[in-house]
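First comes the structure, then the notes that go with it.
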Amino acid sequence: MALSAPIGIALAPRPAATNAVDDVIERARLLQRSGIDRAWFGQRFDFDSLSLAAVVGSAVPGLHVGTSVVPINPRHPLVVASQAQTAHAASHRRFTLGLGLGARDLEEPAFGIRIERPIRRLREYLTVLRSVLATGTVDFTGHTVSAAPPLPAAVAGGDGPDIVVAAMGPQAVAAAGELADGIVPFLAGPRTLSGDIVPRAEVAARAAGRPRPRVIAGVAVVVTDRPEQVRARAAEQMAFYEGIPSYRAVLDREGVAAAAELAVIGTEAEVEAQLRRYVEAGATELLVTQTDLGGPEDELATWRFLGALGGIPV
């Protein structure tokens, strides 16, 4: 039986790729042939996720694309608004802008900046973005962000993409519910979603007179007949998140010690049962990550299964 929530896949260039953009386009086409109609791109220190979303959205007609996620530091919201509108136009209005507060320990030394008042900055950032994406201009002076472009900032065909936020902490979730179109919690298991994050986002949205927010739950998934081997690799690759305070907090709320405990790894039946728990907890969509943990054959099997479960007819 099909899953009621659409499923998207996080894509990145393969390590051995000779051209990162060509490689991702090839993978996106394969993803679409597997029955999945949406792809997400994370921001790293190498490729630019907004540019990649625009290129892939143009090169693979019918594919929905999004960023998961672009940190709001050190990018000014006018720059992000310009890129987001361009990606929305390039993909023929199938783009979602995913933002995040970022990781202080990574960004401060990398960019030589000091991150202060992150929730206020998120609120002001979203205020600027909403105005530009809806009206093509903004005149705003805040404590952390100011924006007043002297010329129109609209991109023809690119107005109005959804904005979602990688929010998990109480203040960030409330801000996203009030000012954005949805949230993208990662490593927030079903217990934390249903008991805290989803209700908090919905309450904030209702209070602001906004529609029910999109809840795009991020979860690592691999369909495999070698679960122990894949779990060991997941434990190595996902341990990084355990040292980031925002992720550590949500893992503690879920009652797990290691991030890999939330990876969904196993047979098709086992994977389906676990993903249904996320939907029952309030997820309106699923963003599946790290499908490559078991190697190329497991990845393709995972894509095909997820395409049949929550994707598009092939």
Applying the selection to the range 1-48, what residues are surrounded by 21 or more Cβ atoms within 10 Å (Cβ to Cβ) and polar (S, T, N, Q)?
Gln32, Ser34
For the range 13-36, enumerate the residues that are out of contact with any strand residue (DSSP E or B) (no Cβ under 7 Å at 6 or more places or on another chain) and assigned to a loop (DSSP other than H, G, I, E, B).
Pro13, Arg14, Pro15, Ala16, Ala17, Thr18, Asn19, Ser34, Gly35
For Gly311, only one of the following conditions fails: (1) over 30 Å from Gly169 (Cβ atoms); (2) under 20 Å from the mean Cα position of the chain (by Cα); (3) at pLDDT 95 or above. What is its number?
(3)
Please go through the range 220-241 and give me each residue that is open to solvent by 70 Å² or more (accessible area, probe 1.4 Å), touching a helix residue (DSSP H, G or I) at 6+ places or on another chain (Cβ under 8 Å) and closer than 29 Å to Ser4 by Cα, ordered by number.
Arg226, Arg231
Only listed residue being open to solvent by less than 40 Å² (accessible area, probe 1.4 Å) and either under 20 Å from Ile163 (Cα atoms) or in contact with a Leu (Cβ under 6 Å, 6 or more places away or on another chain) (or both), chosen from Ala84, Ala134
Ala84
From the residues in the range 51-81 that are assigned to a loop (DSSP other than H, G, I, E, B) and not hydrophobic (A, V, I, L, M, F, W, C), which one is least open to solvent (accessible area, probe 1.4 Å)?
Asn73
Output the number of residues of the range 149-187 satisfying the condition of being free of Cβ contacts under 8 Å to residues at least 60 places away in the same chain and out of contact with any strand residue (DSSP E or B) (no Cβ under 7 Å at 6 or more places or on another chain).
10
Go through the range 82-102 and report how many residues are free of Cβ contacts under 8 Å to residues at least 60 places away in the same chain and outside any helix (DSSP H, G or I).
3
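From the list Ala188, Ala201, Ala217, Ala207, which one is more than 18 Å from Thr289 (Cα to Cα), modelled with pLDDT of 95 or more, open to solvent by less than 40 Å² (accessible area, probe 1.4 Å) and hydrophobic (A, V, I, L, M, F, W, C)?
None of the others qualify; the one that does is Ala201.
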Limited to the range 173-185, what total is found for residues that are part of a helix (DSSP H, G or I) and either open to solvent by 10 Å² or more (accessible area, probe 1.4 Å) or not small (Gly, Ala, Ser) (or both)?
4
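The values are calculated or read from the model by the stated rules, or taken from the named source; none is laboratory data. Because the structure is a prediction, the values reported are computed rather than measured. With ideal geometry, Cβ positions are generated from the backbone for all residues, glycine too; neighbour counts draw on all protein chains shown. We work out accessible area using only protein heavy atoms, side chains counted, and drop any ligands, DNA or RNA first. Shrake-Rupley method; radii C 1.70, N 1.55, O 1.52, S 1.80 Å.
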